[in-house]
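Take a look at the following structure, please.
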Amino acid sequence: VECDAVIVGSGAGGGVTAALLSEAGAKVVVLEKGRFTPAAELPLRERQSFEEMYEMGSLMTTQDAGVNILAGSTLGGGTRVNWQASFETPAHVRREWATEHGLPAIASEQYDRALRAVCTRLGVTTGIKQHSCPNEKLKAGLEALGVHCGEIPRNCSREHSCGHCCFGCPSGDKQDATGTYLADAARIGAKIFTGGHSLPFFQLRNAWMKRRATGIAALTTSAFPNGRQWRIVFKARYVISSAGALHTPALLLRSKISVNGNVGRNLRLHPATAVIGGTLDVPEEILTWKGSIFSVFSNAVADWDGSGYGPLLQTPSAHPGLMAASIPWLSGVDYKRLCAWMPYVSIVLVLTRDRGSGRVTIGKDGLPRLRYWPDAHDRANMMKGMEAGLRALAAGGSLMVGTLQGGSREATRFEAARGTNGAMTDPAAFDGFLDRVRAEGIHKNGMTVFSAHQMGTARMGASAKTSVVDERGECWHVANLYVSDASLFPTSTGVNPMITVEAMAYMVAEGLA
Ligand SMILES: Cc1cc2nc3c(=O)[nH]c(=O)nc-3n(C[C@H](O)[C@H](O)[C@H](O)COP(=O)(O)OP(=O)(O)OC[C@H]3O[C@@H](n4cnc5c(N)ncnc54)[C@H](O)[C@@H]3O)c2cc1C
């Protein structure tokens, strides 16, 4: 297949790149290893959706299983399954990238324009009509404490509250890449190849290049019942890797491109955990799988130590299977009790801007392997976020609160005594509980830690000594090879990254068009 640009991956970065290059008149081919399921055919069942739309059926972890990895692997990538939070890149992050990483363009008007363009195309809006119950609970708690409580901008209508966008939005209200940039690209003539059961499964092997990229080769097996492999070659003027921060480094490493060992380094994950709360004696239905997913957040402790790296509080989309997988094992009885309690549980997500980093390498099969565990500073931030989340839940009326730590029941759960006016009668007991949570700590394999934000593994920078691509997104060591996805981030953003991915992809594509 001959074309001007071959784009590997169809997520946040790939979609924007495909549309802008197509609009500029380029003959574009997009290759996506996941499949496309139209909105009307989405299964919307938790197990099937995780299996079909997520990387490794949602069972991917770091090498030592310390962190669970959630990443979209379907047409539209993460945008198809994500939770709609549409934050612009924070000003302090833009300054940091411009000054400390030699990327003045990120602080420039050009980047402002890119942000405006993607937010407009995605219909990013605030002014939600109705928060879901868990979001209302978080809001009530934050307001009772008198700390920051903000509304999350979303890429859907103000009315949208289907609760199923994590499995593809059934109404198409969420403006993911399939309904926006990929649709734009296809309308103009871009060719999009997807994997799936009935179509050939493209496991892209090597980019075809030495010092200049000229194409990419794919091996496919499933087209033939006898499993015989055949090879497809895409010849292109530009090869653009938008395979996400797990697979872009894998593709480069399979192609023997390491850029002074920088490919795969600097993996950031925004390590996340959660705290839970609810009432026990008089159960009140919360249903964390219903209504708007993300709409309330707090940055009350996001910069508590002045480092610019800290946790955000939000409410996750938690369907029963995901909850069951996250509940720590204290005993059989305790586990069953918590499972039965699921409809009445409020959850606060603690999402930490990580300063430490990990690494993506490849195994013998050529697929990505991850090494990562938050360092002491990031673990302290996670703990600070857990404490803030527990306080918000208690202030919002939760009589029982708990963490996802796997320690003793006393250390990880607390039932508050309340007076007739609803106020906690023994605040010192709650402080004692927080002390026990701190003492329990953040232990690898001892509690639920997960990541839905993988970033930084082919970072943009000012020199081949410290980065993989230059400010235009072109690889320092291979001409015509570009990166356009979350791998580009020099550090983590501290907010949900989709809009930053799209704005950076916009700039890379503008430079190429
Ligand atoms: C459950 C969940 C919730 C999230 N919620 C939010 C949110 O609310 N707000 C927000 O800002 N961010 C959110 N994110 C994160 C956001 O979606 C991602 O940061 C973003 O999509 C990353 O963009 P990307 O272009 O780097 O990669 P992706 O969007 O992940 O796209 C990469 C694509 O490349 C494909 N691919 C990989 N390797 C190959 C190959 N060899 N050949 C062909 N195709 C390949 C993958 O299948 C995938 O579809 C969420 C993510 C998840 C998983």
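The values are calculated or read from the model by the stated rules, or taken from the named source; none is laboratory data. Here the structure is a predicted model, which is why all the values come from computation and not from measurement. Heads up, the Cβs are rebuilt from the backbone with ideal geometry, glycines too, and the neighbour counts pull from every protein chain shown. Please note that ligands, DNA and RNA were not included when accessible areas were found on the heavy atoms of the full protein model with its side chains. Shrake-Rupley method; radii C 1.70, N 1.55, O 1.52, S 1.80 Å.
So which of ARG391, ARG359 ends up being touching a Leu at 6+ places or on another chain (Cβ under 8 Å) and either of a type in the set (A, V, I, L, M) or surrounded by fewer than 20 Cβ atoms within 10 Å (Cβ to Cβ) (or both)? Explain how you work it out, then say what you get.
On the way: ARG391 fails: either of a type in the set (A, V, I, L, M) or surrounded by fewer than 20 Cβ atoms within 10 Å (Cβ to Cβ) (or both).
After ruling out the rest, the residue left standing is ARG359.
Cβ-Cβ distance below 6 Å, separation of 6 or more or different chains: which pairs start in segment 350-368 with a residue that is in contact (Cβ under 8 Å) with a residue 40 or more places away in the chain and end on one that is open to solvent by 60 Å² or more (accessible area, probe 1.4 Å) and not in a loop (DSSP other than H, G, I, E, B)?
Close Cβ pairs satisfying both conditions: GLY358/ARG371; ARG359/ARG371; THR361/ARG369.
Name the one entry in ALA505, ALA479 that is hydrophobic (A, V, I, L, M, F, W, C) and at pLDDT 95 or above.
ALA505
Can you tell me which residue within segment 362-388, out of those that are in a loop (DSSP other than H, G, I, E, B) and either over 19 Å from the mean Cα position of the chain (by Cα) or under 18 Å from GLY402 (Cα atoms) (or both), is modelled with the highest pLDDT?
Checked segment 362-388; the qualifying residue modelled with the highest pLDDT is ASP375.
Quick check on LEU138: is it among the aliphatic types (A, V, I, L, M), in contact with a Gly (Cβ under 9 Å, 6 or more places away or on another chain) and more than 25 Å from THR491 (Cβ to Cβ)?
Taking the combined requirement at face value, the residue satisfies it.
Also, I was wondering about something else. Conditions: (1) closer than 26 Å to ARG369 by Cα; (2) modelled with pLDDT of 70 or more; (3) of a type outside the set (Gly, Ala, Ser). THR214 meets all but one. Number of the miss?
For THR214, the failing item is (1).
Still on this structure: Only one of (1) outside any loop (DSSP other than H, G, I, E, B); (2) crowded, with 17+ Cβ neighbours inside 10 Å; (3) at pLDDT 95 or above; (4) not hydroxyl-bearing (Ser, Thr, Tyr) is not met by VAL147, so which one is it?
The single condition VAL147 does not satisfy is (1).
Looking only at segment 275-305, count how many residues are in a strand (DSSP E or B) and open to solvent by 10 Å² or more (accessible area, probe 1.4 Å).
2
Which residue pairs have Cβ atoms closer than 6 Å, lie 6 or more positions apart in sequence or on different chains, and pair a first residue in segment 294-313 that is over 13 Å from THR493 (Cα atoms) with a second residue that is of a type in the set (D, E, K, R) and not in a loop (DSSP other than H, G, I, E, B)?
VAL296/LYS139; VAL301/LYS384; TRP304/LYS384
Can I ask one more? How do the helices (runs of 4 or more DSSP H) wholly within segment 46-144 filter down when requiring 2 or more residues that are open to solvent by 40 Å² or more (accessible area, probe 1.4 Å), touching a residue at least 12 places away in the same chain (Cβ under 8 Å) and within 16 Å of the ligand (Cβ to nearest atom): which remain?
Here the list reads 46-53.
For the subset of segment 224-242 comprising residues that are within 16 Å of the ligand (Cβ to nearest atom) and in a loop (DSSP other than H, G, I, E, B), which member is modelled with the highest pLDDT?
The residue in question is SER242.
Restricting attention to segment 490-513, which residues are within 13 Å of the chain's Cα centre (by Cα) and either hydrophobic (A, V, I, L, M, F, W, C) or away from the ligand (no atom under 14 Å from the Cβ) (or both)?
Hits for segment 490-513 are VAL495, MET498, ILE499, VAL501.
Give me the residue from segment 1-16 that is more than 10 Å from the ligand (Cβ to nearest atom) and in a strand (DSSP E or B) and, out of that set, most open to solvent (accessible area, probe 1.4 Å). Steps first, please.
Residues of segment 1-16 that are more than 10 Å from the ligand (Cβ to nearest atom), as a first pass: 1-6.
The next check asks that each one be in a strand (DSSP E or B); those that pass are 2-6.
Values: GLU2: 125, CYS3: 15, ASP4: 40, ALA5: 1, VAL6: 0 Å².
For segment 1-16, the residue satisfying everything is GLU2.
While we're on this one: Which residue, of ALA207, ALA245, ALA250, ALA185, is modelled with pLDDT under 90, of a type in the set (Gly, Ala, Ser) and either under 26 Å from GLU510 (Cα atoms) or in a helix (DSSP H, G or I) (or both)?
Selected residue: ALA207, the only one of ALA207, ALA245, ALA250, ALA185 that is modelled with pLDDT under 90, of a type in the set (Gly, Ala, Ser) and either under 26 Å from GLU510 (Cα atoms) or in a helix (DSSP H, G or I) (or both).
Shifting gears a bit: Please go through segment 150-185 and give me each residue that is over 24 Å from ARG45 (Cβ atoms), hydrophobic (A, V, I, L, M, F, W, C) and open to solvent by less than 10 Å² (accessible area, probe 1.4 Å), ordered by number.
Selection gives ILE152, LEU182, ALA185.
For segment 254-267, name all the residues that are farther than 13 Å from VAL483 by Cβ, surrounded by fewer than 23 Cβ atoms within 10 Å (Cβ to Cβ) and away from the ligand (no atom under 12 Å from the Cβ).
Result: LYS256, SER258, ASN260, GLY261, ARG265.
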